[in-house]
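Worksheet: one structure, shown below.
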Amino acid sequence: MRVLITGSSGQIGTNLALALLARGDEVHGLDRRANTWTDEVPTEIVDLVELSRAPASWSPPWQPDCIVHLAAYAKVHELVLEPHKALENIQMAAAALEIARAAGAPIVFGSSREVYGDIHRHVTEEGMADFVVAESPYSASKLAGEALFYSYARCYQLPVLVFRFSNVYGRYDNDAERMERVIPLFLKRIAGGEPIRVFGPNKMLDFTYVDDCVRGVMSGINALTAGKIQTETINVAYGQGSTLFDLVNLLELALDRTADATYEEARVGEVTRYVADISKAKAILGYQPQVPLTSGIRRYVEWWRDQGLLPAN
Ligand SMILES: NC(=O)c1ccc[n+]([C@@H]2O[C@H](COP(=O)([O-])OP(=O)(O)OC[C@H]3O[C@@H](n4cnc5c(N)ncnc54)[C@H](O)[C@@H]3O)[C@@H](O)[C@H]2O)c1
């Protein structure tokens, strides 16, 4: 199969591209920066925001069987501080959809649990998202992206699959120069004996090990390209909640260090409770997450150790 991936130099894009290559697929990555993790992913440097202004100026190297759109500014708080980037996320989605329309190819969208807003229910099923619950410019950009995807499905009969991811962690996400997420940030600081600030220790989130996320996406690509699904939105997560307090404890255990933590209120725009309902992913894609946070954190710390990223004790 030939798969075009936007955002192929990012965390999920790199893991997905390598997994597709490993099963014998051809991959063409589009990103506005080179891949800093591997030279195995064929990467073309393209800025999708620019491309959204002149979609006809670019065409793929071959007819793709599927497109996976992952390119975005992917940090919630960054977009609270710089809301114009939300508009760029929407432009990137528009550019990816134009590539799919021109190629008549099915397309997958990496959306987010942020579309549910800050909900205080235990589980979330796919029909519950609504634009009035947009908690931040980032969630607004994902809601708008999803709406564009559905509009292309209706107007141009494009098969589309929207995945709502939740706190994906694991290898290739400690890209500190460019962005820093909560798990790599805490890991690095606790390992180095530096203080951490925990915004909302009781925040309950559904942390997803990247291999589970990639397995879900690959099942989705298979179902979409086989015509088994046409237009769907599916949560992909582990399906259990853990607090930031739990997370700090697990990191302390895996690192055998005590965190110097201060606990503060959650920040503006952040979701404070989300536990995914993954029954649709199980029913439609046969998705079965395999890595709970307890073992995922251990694996992740091992990966840091293997990369020589942990300071010597
Ligand atoms: N990782 C998570 O926890 C998570 C959770 C929910 C949703 N998502 C979504 O999944 C997708 C992938 O996430 P990720 O963690 O791999 O993010 P990431 O930030 O690691 O990767 C995104 C990639 O998009 C690229 N990009 C940004 N602007 C671009 C542009 N104008 N043109 C071309 N490329 C551009 C970046 O260079 C980067 O390599 C994103 O859309 C993100 O919003 C991720």
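Applying the Karplus relation 6.51 cos²θ - 1.76 cosθ + 1.60 with θ = phi - 60° to the range 26-33 yields 3J(HN,Hα) values of 9, 10, 10, x, 10, 7, 8, 9 Hz, where x marks Gly and Pro.
Cross-link pairs exceeding 32 Å between alpha carbons, from the set Lys188/Lys280; Lys142/Lys282; Lys203/Lys280; Lys142/Lys188; Lys203/Lys228: Lys188/Lys280; Lys203/Lys228.
Close amide H partners of Ala261, meaning residues 5 or more places away or on another chain with modelled amide H under 5 Å apart, are Ile196.
Annotation: peptides 246-252, 3-9, 282-288, ranked by per-residue average of other Cβ atoms within 10 Å with the highest first, follow the order 3-9, 246-252, 282-288.
Converting phi to 3J(HN,Hα) with the Karplus coefficients 6.51, -1.76 and 1.60 and the offset θ = phi - 60°, the range 58-70 yields 9, 9, x, x, 8, 5, x, 7, 7, 10, 10, 9, 10 Hz in sequence order, with x at every glycine or proline.
Computed over the range 190-313, the P(r) curve from all C-alpha pair distances, binned at 5 Å from the origin, holds 2, 10, 16, 17, 17, 14, 11, 7, 4, 2, 0 percent per bin. Using a simple spin-label model with pseudo-atoms 7 Å out from Cα toward Cβ, Arg305 and Leu21 lie 2.7 nm apart. Per-atom-type breakdown for the chain gives carbon and sulfur 49% of the accessible area (1.4 Å probe, protein chains only). Report note on the peptides 45-53, 142-150: ranked by the mean count of other C-beta atoms within 10 Å, highest first, their order is 142-150, 45-53.
Accessible area per residue for the chain, computed on protein heavy atoms with a 1.4 Å probe, is 43 Å². Considering all C-alpha pairs of the range 80-191, those separated by over 20 Å amount to 51%.
Full extension of the chain between Tyr150 and Glu194 gives 11.3 nm of extra length, using 0.36 nm per residue less the Cα-Cα distance. The amide H of His28, built 1.01 Å from its N in the peptide plane, has Val3, Leu4, Ile5 as neighbours under 5 Å, considering only residues 5 or more places off or on other chains. One chain, two ends: Asn249 and Asn222. Fully extended at 0.36 nm per residue, the span grows by 6.0 nm beyond their Cα-Cα distance. Against the empirical 2.2 N^0.38 Å (N residues), the chain has a Cα radius of gyration ratio of 0.96. Computed extension gain for Gln240 through Arg101, at 0.36 nm per residue and net of the alpha carbon distance, reaches 46.4 nm.
Amide hydrogen proximity for Arg273: with H placed 1.01 Å from N in the peptide plane, the residues at 5 or more positions away or on another chain lying under 5 Å are Ile119, Met204.
Among 212-221, 185-194, sorting by the average number of other beta carbon atoms lying within 10 angstrom of each residue, highest first, gives 212-221, 185-194.
The values are calculated or read from the model by the stated rules, or taken from the named source; none is laboratory data. Nothing here was measured: the structure is a model prediction, and the numbers come from that model. In this analysis, Cβ positions are derived from the backbone assuming ideal geometry, glycine residues included, and neighbour counts consider all displayed protein chains. Heavy atoms of the whole protein, side chains included, go into the accessibility calculation; ligands, DNA and RNA do not. Shrake-Rupley method; radii C 1.70, N 1.55, O 1.52, S 1.80 Å.
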